[in-house]
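Notes follow the structure.
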Amino acid sequence: MRFAPTVVVGPSGVGKGTILASLCAQCPEVWLSVSVTTRSPRPGEIEGQHYYFLTPTQFDELVDADGLLEWARYQDHCYGTPKAHVLEKIDQGRAVVMELDVQGARQVVQRLPQARTVFLAPPSWDELERRLRGRGTESATAIERRLVVAKQELEFQNECDRVVVNREVASAVAELVNFIGLGPMGTSAAS
Ligand code: 5GP
């Protein structure tokens, strides 16, 4: 195996999406898992790129068919990782990256013991709150609930293999590239 699968965890609003998009743009070896979810698309989210958007019935069918590597309920919705895609890309030698919540990360580490975890942390709690409120895509109630969950999620950093603080996108991406063992512009530092 060239690259250990990497699970990226971090509280809502920390900037996981921006950092992972930049990582993928820089490193062609990276394959970012696209999750299934029962939540509705946010403005600008594209089916098959950000998520596969499913109905609760479709999601349940996938769970029953053992099609998910892990799944969890987060707030009022279900999220899961399509299993076949991930196993196939690991076999192909791609650097598989999964962006998951804490519950999902724990399941993946149990099922794929070679997986490594990275916690993406905000520079401070105030900054996280500012980013989450500034996103403007959720109701005030949803934001308050995400903040409560975020406080609990911050504790998980002590269980992770690496903590990357998102002070600035470029340096956070560089730390991730280094942790996964990727060289600049996709040349593998590990090979
Ligand atoms: P959001 O609704 O903001 O896109 O995601 C909410 C939370 O679900 C985030 O913490 C995100 O990392 C997590 N998440 C996204 N995809 C998955 C998945 O496939 N499995 C699990 N367990 N969590 C996921």
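Odds and ends about this structure:
- For segment 108-133, residues that are hydroxyl-bearing (Ser, Thr, Tyr) and out of contact with any strand residue (DSSP E or B) (no Cβ under 6 Å at 6 or more places or on another chain) total 1.
- Only listed residue being over 16 Å from Phe179 (Cβ atoms) and of a type in the set (A, V, I, L, M), chosen from Leu23, Leu62: Leu62
- On inspection, Val97 passes the criterion of being more than 8 Å from the ligand (Cβ to nearest atom), within 18 Å of Gln157 (Cα to Cα) and aliphatic (A, V, I, L, M).
- Selection within segment 90-102 - in a helix (DSSP H, G or I) and crowded, with 18+ Cβ neighbours inside 10 Å: Ile90, Val102
- When the criteria are applied in full, Leu147 fails the requirement of being in contact with a Ser or Thr (Cβ under 7 Å, 6 or more places away or on another chain) and either part of a helix (DSSP H, G or I) or aromatic (Phe, Trp, Tyr) (or both).
- Residues of segment 113-128 satisfying the condition of being free of Cβ contacts under 8 Å to residues at least 60 places away in the same chain and open to solvent by less than 70 Å² (accessible area, probe 1.4 Å): Pro123, Ser124, Trp125, Glu127
- Number of the condition not met by Val149 [criteria: (1) of a type in the set (A, V, I, L, M); (2) over 17 Å from the mean Cα position of the chain (by Cα); (3) surrounded by fewer than 17 Cβ atoms within 10 Å (Cβ to Cβ)]: (2)
- Each residue in segment 1-24 was checked for being open to solvent by 20 Å² or more (accessible area, probe 1.4 Å) and more than 15 Å from the ligand (Cβ to nearest atom), and 5 pass.
- Among the residues of segment 25-55, just one is surrounded by 13 or more Cβ atoms within 10 Å (Cβ to Cβ) and assigned to a helix (DSSP H, G or I), namely Gln26.
- Out of Ala172, Ala105, Ala142, Ala84, sole residue that is of a type in the set (Gly, Ala, Ser) and either outside any helix (DSSP H, G or I) or open to solvent by 60 Å² or more (accessible area, probe 1.4 Å) (or both): Ala84
- Residue pairs meeting the criteria (Cβ under 7 Å; at least 6 apart or on separate chains; first within 14 Å of the ligand (Cβ to nearest atom), in segment 44-63; second in a strand (DSSP E or B) and among the charged types (D, E, K, R)): Phe53/Glu47
- Within segment 64-81, the set of residues being touching an Asp or Glu at 6+ places or on another chain (Cβ under 7 Å), surrounded by fewer than 23 Cβ atoms within 10 Å (Cβ to Cβ) and either among the β-branched types (Val, Ile, Thr) or free of Cβ contacts under 8 Å to residues at least 60 places away in the same chain (or both) comprises Ala72 only.
The values are calculated or read from the model by the stated rules, or taken from the named source; none is laboratory data. Since the model is a prediction, treat every value here as computed from it, not as a measurement. Every residue, glycine as well, gets a Cβ built from its backbone with ideal geometry; the counts of neighbours run over all protein chains shown. Areas reflect the complete protein model, heavy atoms only, side chains present, ligands, DNA and RNA absent. Shrake-Rupley method; radii C 1.70, N 1.55, O 1.52, S 1.80 Å.
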